[in-house]
Amino acid sequence: MAGRTGERLQERTKGRDVRTSNIVAAKAVANAVRTSLGPRGMDKLLQLENGEILISNDGATILSKMKVIHPAAKMLVDLSQSQDIEAGDGTTTVVVLAGALLNACSALLAKGIHPMAIAGSFLRAADKAVEFLQEISKPVQLGDRDSLLSAVETCLSSKVVAQNSDLLAPIAVDSVLGIVDDIDTSTFVDLNDIRLVTQMGGTVDDTELIKGLVLTKGATKTAGGPTSMKNAKIALIQYCLSAPKTDMDNSVVVSDYAAMDRILREERKYILEQCKSIKKSGANVLLIQKSILRDAYNELSLHFLAKMGILVVTDVDRGDIEFICRTLGCQPVAHADQMTPDKLGEAESVTDVLMEGGSAKVVKFTGVKNPGKTTTVLLRGSNEFVLGEAERSLHDAQCVVRSFVKKRFMIAGGGAAETEASLRLHKYSQQLTGMDAYCFQAFADALEVIPYTLAENAGMKPIEVVTELRKQHAEGIKGAGINVKKGMVSDMYELNIVQPLLVSTSAIQLATETVSMMMKIDDLVVVAHN
Ligand code: ADP
Ligand code: MG
């Protein structure tokens, strides 16, 4: 009997050790991104394995590049990825929140509360918190452009490119609204329908939203063909405009001059026929898909096409074909025999433009006749760090708009919503008895990590600020939050610092799920073989 008790005791100790080690590892990850929360948060300089560097303020980006070994720490990395997929923004928030919840867990475990009880209570507390957030949220219509702009500006205010938010916010809003099927009823939008084209040179302020298409490769000029076209009729071909090759690596030995001459003539005739069929279809702009089997074009075909006055863009990526077709309303042609006028797309103008401040050329398609529900954003930046972060930030901003498409509610930012939810949870916990009451209170306190950290990062005194926030919320000022610019507590609704409800609710739910999952773990098993 004694042996048995001993065994059980040993088991318990092991469970506790594993749990503690998990908590410590995960908290280390949370602490690493903590300082980048909010508009006054710091940016991180990341050095990648290949020696390249990256500057970012986005939790998901920082964590995804971090070399994390401990499995529990990896769970937090995954957590921020889940938030990135679900809401797109709030990726730092979710990790900071998980860190605070883990802290709460440590305290509760020390009190002797069973981990399963904590896990259960936290999940229920999260549901309540989400309910409270829903109660205090304000409905917003997608037609209400000003509200959307405010939310997008809140999102951008914590980015490296915050000073460009005047320009980027409307671009984010318009690009997403441009692809929404029905502004009143749609609850889904696929951001893949927005093409972000990045071009180095100029500044972020030169970024533009293009109703149409931009291809990053300029028109082919070697053969002297046109570089701009009005009333364009666009064909997209997937076959090759070059002499056919044998299936295998054969060589044909030609010994006699006449035979060689014949081969060249045949080749010339073959290519000419192909080019003629394109011309016959009425096309004056030709996009050629990149081919890996053989040359998709050669000098001869480019020469013929130039003579026929056709603008040519070569090396179109296979992955872009679908987007291009939907945007221009054309159909890809897989064989020369199928080249018919109905496959063509039409645009008022196709021009080859030199990017200001850069050496790259792009081809712009504007005034598309039957435009699909797609948009293109041409992002500019003076160097690759700015450009990369601008791209990620714009994506986050678009995710904010997407969050509104999914759920048309918004709440106050700057820690206001979290404080209000915390206050209501505290009140609610008074009705509860036993462990639940304890756990709900600890959960409510953990939510305050958001205003606490925002204040800390803004150089304010966190304890004073959080106390002031609690007081104002208790007095009924639901929008009271942290005004980082002035270093005081103000009404966030008046300052238009708002954010999608989905970002906050998803952060609370996902963080709690991960923390509960961690509580339920009592052993770490290393699997030798898969
Ligand atoms: P995340 O990756 O979680 O989105 P951010 O660094 O973007 O992290 O910070 C988001 C937090 O900053 C949110 O709680 C938001 O309410 C707050 N916030 C954003 N802009 C402001 C602002 N102008 N004033 C106060 N708080 C802000
Ligand atoms: Mg953000």
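The values are calculated or read from the model by the stated rules, or taken from the named source; none is laboratory data. Quick caveat: nothing in here was measured; it's all calculated off a predicted structure. Backbone-built Cβ (ideal geometry, glycine too); neighbour counts: all protein chains shown. For accessibility, only protein heavy atoms count, side chains too; no ligands or nucleic acids. Shrake-Rupley method; radii C 1.70, N 1.55, O 1.52, S 1.80 Å.
Computed quantities for the displayed model
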{"item": "Qualifying residue in the stretch 321-330 (condition: of a type in the set (Gly, Ala, Ser) and closer than 20 Å to residue 223 by Cβ)", "result": "no"}
{"item": "Test: residue in the stretch 144-155 that is hydroxyl-bearing (Ser, Thr, Tyr), over 16 Å from the mean Cα position of the chain (by Cα) and either part of a loop (DSSP other than H, G, I, E, B) or more than 16 Å from ligand 1 (Cβ to nearest atom) (or both)", "result": "no"}
{"item": "Count of the stretch 445-457 residues which are among the hydrophobic types (A, V, I, L, M, F, W, C) and more than 13 Å from residue 98 (Cα to Cα)", "result": "2"}
{"item": "Answer residue from the stretch 113-126, given it is open to solvent by 90 Å² or more (accessible area, probe 1.4 Å) and in a helix (DSSP H, G or I) and is nearest to residue 416 (Cα to Cα) among those", "result": "124"}
{"item": "Evaluation of residue 348 against (1) surrounded by 15 or more Cβ atoms within 10 Å (Cβ to Cβ); (2) in a strand (DSSP E or B) (one fails), failing number", "result": "(1)"}
{"item": "The stretch 87-109 - residue that is of a type in the set (S, T, N, Q) and within 9 Å of ligand 1 (Cβ to nearest atom) and, of those, most open to solvent (accessible area, probe 1.4 Å)", "result": "93"}
{"item": "Candidate set from the stretch 225-242 (those that are touching a helix residue (DSSP H, G or I) at 6+ places or on another chain (Cβ under 6 Å) and within 14 Å of residue 302 (Cβ to Cβ)); member that is least open to solvent (accessible area, probe 1.4 Å)", "result": "241"}
{"item": "Residue in the stretch 249-259 that is more than 20 Å from residue 332 (Cα to Cα), of a type in the set (Phe, Trp, Tyr), open to solvent by 100 Å² or more (accessible area, probe 1.4 Å) and in a helix (DSSP H, G or I) present", "result": "yes"}
{"item": "Scan of the stretch 50-69 for residues that are open to solvent by 50 Å² or more (accessible area, probe 1.4 Å) and assigned to a loop (DSSP other than H, G, I, E, B), ordered by number", "result": "50, 52, 66, 67, 69"}
{"item": "In the stretch 59-86, residue farthest from ligand 1 (Cβ to nearest atom) [restricted to those that are of a type in the set (D, E, K, R) and more than 19 Å from residue 499 (Cβ to Cβ)]", "result": "67"}
{"item": "Within the stretch 181-224, strands (runs of 3 or more DSSP E) holding 3 or more residues that are open to solvent by 10 Å² or more (accessible area, probe 1.4 Å) and among the aliphatic types (A, V, I, L, M)", "result": "194-200"}
{"item": "Hits in the stretch 385-428 (condition: buried (at least 24 other Cβ atoms within 10 Å of the Cβ) and within 13 Å of ligand 2 (Cβ to nearest atom))", "result": "393, 394, 396, 397, 398, 399, 400, 403, 413, 414"}
{"item": "Positions within the stretch 144-178 being among the β-branched types (Val, Ile, Thr) and open to solvent by 30 Å² or more (accessible area, probe 1.4 Å), in sequence order", "result": "160"}
{"item": "Helices (runs of 4 or more DSSP H) contained in the stretch 362-458 and holding at least 2 residues touching a strand residue (DSSP E or B) at 6+ places or on another chain (Cβ under 8 Å) and either farther than 30 Å from residue 234 by Cβ or of a type in the set (Lys, Arg) (or both)", "result": "384-406, 416-429, 449-457"}
{"item": "Residue selected from the stretch 70-86 under the condition over 22 Å from residue 402 (Cα atoms) and crowded, with 24+ Cβ neighbours inside 10 Å, by the criterion farthest from ligand 2 (Cβ to nearest atom)", "result": "72"}
{"item": "Of the criteria (1) within 23 Å of the chain's Cα centre (by Cα); (2) open to solvent by 10 Å² or more (accessible area, probe 1.4 Å), which one residue 458 fails", "result": "(1)"}
{"item": "Count of residues meeting criterion [surrounded by fewer than 21 Cβ atoms within 10 Å (Cβ to Cβ) and in contact with a helix residue (DSSP H, G or I) (Cβ under 8 Å, 6 or more places away or on another chain)] in the stretch 430-440", "result": "6"}
{"item": "Cβ pairs under 6 Å, 6+ apart, first in the stretch 136-163 and more than 16 Å from residue 43 (Cβ to Cβ) and in contact (Cβ under 8 Å) with a residue 40 or more places away in the chain, second open to solvent by 60 Å² or more (accessible area, probe 1.4 Å) and of a type in the set (D, E, K, R)", "result": "136/478"}
{"item": "Long-range neighbours under 8 Å by Cβ, at least six apart or interchain, first residue closer than 14 Å to residue 438 by Cβ within the stretch 95-118, second in a loop (DSSP other than H, G, I, E, B) and open to solvent by 40 Å² or more (accessible area, probe 1.4 Å)", "result": "115/520; 115/522"}
